[in-house]
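In what follows, a structure is listed as C-alpha cells, so that the remarks can point back to it.
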Amino acid sequence: MDPTKFKLQYSHKWIDHPLQIITKINDRIINIDVSGKNEIIIDKTIKLDKGKHILSLEINGKNEANTSVDAQGNIVIDTLVTIKSLMIDEIEILPLMYNASYLQTFYINNSPDECLHKLTEIGYNGTWEFKIETPLYDWLLNILF
C-alpha cells in the first residue's frame with residue numbers, strides 16, 4: 001500500500017438549504033459535508049493498493065426548493081456543486097477528463113441509464129465518479145501517451 005495524497009476543491013452555491021455531499025475513495029468515506037459552506041477543500045493522504053480506484057461525490061437532498069424559476073419556467077438561480085480542482089500527489093488531474101472523458105461519469109439519481117460526462121458543475125442528485133489507477137505516474141503515462 002502506498003500513501004496517495006488527494007486534494008479536492010469544490011464550491012457549493014445553494015438556496016433554501018444545503019445539500020449533503022459525501023466524498024469517497026472506493027467505498028471508504030473520507031468526508032461528509034452538510035455545512036453549506038461556499039468553498040470546500042478536502043485534503044487527505046490515503047493508503048491505496050496498486051490498481052483501479054474511484055473517487056466519488058454523492059450529492060443528496062436537492063428538491064424543488066433548491067431551484068428558482070421565472071414565470072416562463074427558466075431557471076433563475078439554482079443550487080450547484082462546482083468541482084474546481086482535483087489534485088492527486090500534487091498533480092492537477094481534473095483536466096484529464098476533457099481528453100479522456102471515460103475517466104469521469106455523473107450518474108443522475110444514481111441511475112446507470114442516466115449519465116453525463118465531462119461535468120464539473122452538478123445540479124442534480126446523484127454520484128460523480130472519477131476513475132484513477134495507482135501507481136499514479138504509471139497510470140498518467142498510459143493516459144497521456
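Given the structure, is Asp70 more than 22 Å from Leu144 (Cα to Cα), among the charged types (D, E, K, R) and free of Cβ contacts under 8 Å to residues at least 24 places away in the same chain? Give the steps one after another, and end with the answer.
Values: more than 22 Å from Leu144 (Cα to Cα): yes; among the charged types (D, E, K, R): yes; free of Cβ contacts under 8 Å to residues at least 24 places away in the same chain: yes.
For Asp70, the condition - more than 22 Å from Leu144 (Cα to Cα), among the charged types (D, E, K, R) and free of Cβ contacts under 8 Å to residues at least 24 places away in the same chain - is met.
Could you run through the range 73-90 and say how many residues are surrounded by 13 or more Cβ atoms within 10 Å (Cβ to Cβ) and hydrophobic (A, V, I, L, M, F, W, C)?
Kept after step one, since they are surrounded by 13 or more Cβ atoms within 10 Å (Cβ to Cβ), are these residues of the range 73-90: 78-89.
Next cut, hydrophobic (A, V, I, L, M, F, W, C) only: 80-81, 83, 86-88.
Number satisfying all stated conditions: 6.
Return the residue satisfying two criteria in turn: it lies in the range 95-125 and is touching a Gly at 6+ places or on another chain (Cβ under 8 Å) and in a strand (DSSP E or B), and of such residues it is surrounded by the fewest Cβ atoms within 10 Å (Cβ to Cβ).
Ranking the qualifying residues of the range 95-125, first place goes to Ile108.
In the range 1-40, how many are under 21 Å from Asn63 (Cβ atoms), without any contact (Cβ under 8 Å) to a residue 40 or more places away in the chain, part of a loop (DSSP other than H, G, I, E, B) and of a type outside the set (Lys, Arg)?
Count: 4.
Condition check ((1) among the small types (Gly, Ala, Ser); (2) over 14 Å from the mean Cα position of the chain (by Cα)) across all residues:
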| position | (1), (2) |
| --- | --- |
| Asp33 | no, no |
| Lys37 | no, yes |
| Lys50 | no, yes |
| Leu55 | no, no |
| Asn63 | no, yes |
| Asn74 | no, yes |
| Ile91 | no, yes |
| Ala100 | yes, yes |
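Could you check, for the range 126-145, whether at least one of its residues is assigned to a loop (DSSP other than H, G, I, E, B) and either small (Gly, Ala, Ser) or within 18 Å of Ser11 (Cβ to Cβ) (or both)? Don't jump to the end; show me each part of the working.
Taking the range 126-145 first, the residues assigned to a loop (DSSP other than H, G, I, E, B) are 135, 145.
This time we only want the ones that are either small (Gly, Ala, Ser) or within 18 Å of Ser11 (Cβ to Cβ) (or both), so: none.
For the range 126-145, residues assigned to a loop (DSSP other than H, G, I, E, B) and either small (Gly, Ala, Ser) or within 18 Å of Ser11 (Cβ to Cβ) (or both): absent.
Give me the pairs: first residue in the range 93-108 and within 19 Å of Leu80 (Cα to Cα) and free of Cβ contacts under 8 Å to residues at least 40 places away in the same chain, second residue of a type in the set (S, T, N, Q) and crowded, with 19+ Cβ neighbours inside 10 Å, beta-carbon distance under 7 Å, and six or more apart or on different chains, which are they?
Going by the 7 Å Cβ cut-off, the qualifying pairs are Tyr107/Thr127.
Of all residues in the range 52-94 being part of a strand (DSSP E or B) and in contact with a helix residue (DSSP H, G or I) (Cβ under 8 Å, 6 or more places away or on another chain), which is nearest to Ser35 (Cα to Cα)?
Applying the first criterion (part of a strand (DSSP E or B)) to the range 52-94 yields 52-60, 67-69, 75-78, 80-88, 91-92.
Adding the requirement that they be in contact with a helix residue (DSSP H, G or I) (Cβ under 8 Å, 6 or more places away or on another chain) leaves 78, 88, 91.
Details: Asp78: 17, Ile88: 24, Ile91: 27 Å.
Restricting to residues being part of a strand (DSSP E or B) and in contact with a helix residue (DSSP H, G or I) (Cβ under 8 Å, 6 or more places away or on another chain), the top hit is Asp78.
Rundown of residues vs (1) in contact with a Cys (Cβ under 7 Å, 6 or more places away or on another chain); (2) under 23 Å from Gln20 (Cβ atoms), yes/no style:
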{"residue": "Ile40", "(1), (2)": "no, yes"}
{"residue": "Lys47", "(1), (2)": "no, no"}
{"residue": "Asn66", "(1), (2)": "no, yes"}
{"residue": "Val76", "(1), (2)": "no, no"}
{"residue": "Glu90", "(1), (2)": "no, no"}
{"residue": "Phe106", "(1), (2)": "yes, yes"}
{"residue": "Asn109", "(1), (2)": "no, yes"}
{"residue": "Cys115", "(1), (2)": "no, yes"}
{"residue": "Glu129", "(1), (2)": "no, yes"}
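Values in this text are rule-based calculations from the coordinates and carry no lab data. Please read all numbers here as calculations on a predicted model, not as lab measurements. Note: ideal-geometry Cβ built from the backbone for every residue, glycine included; neighbour counts use all protein chains shown.
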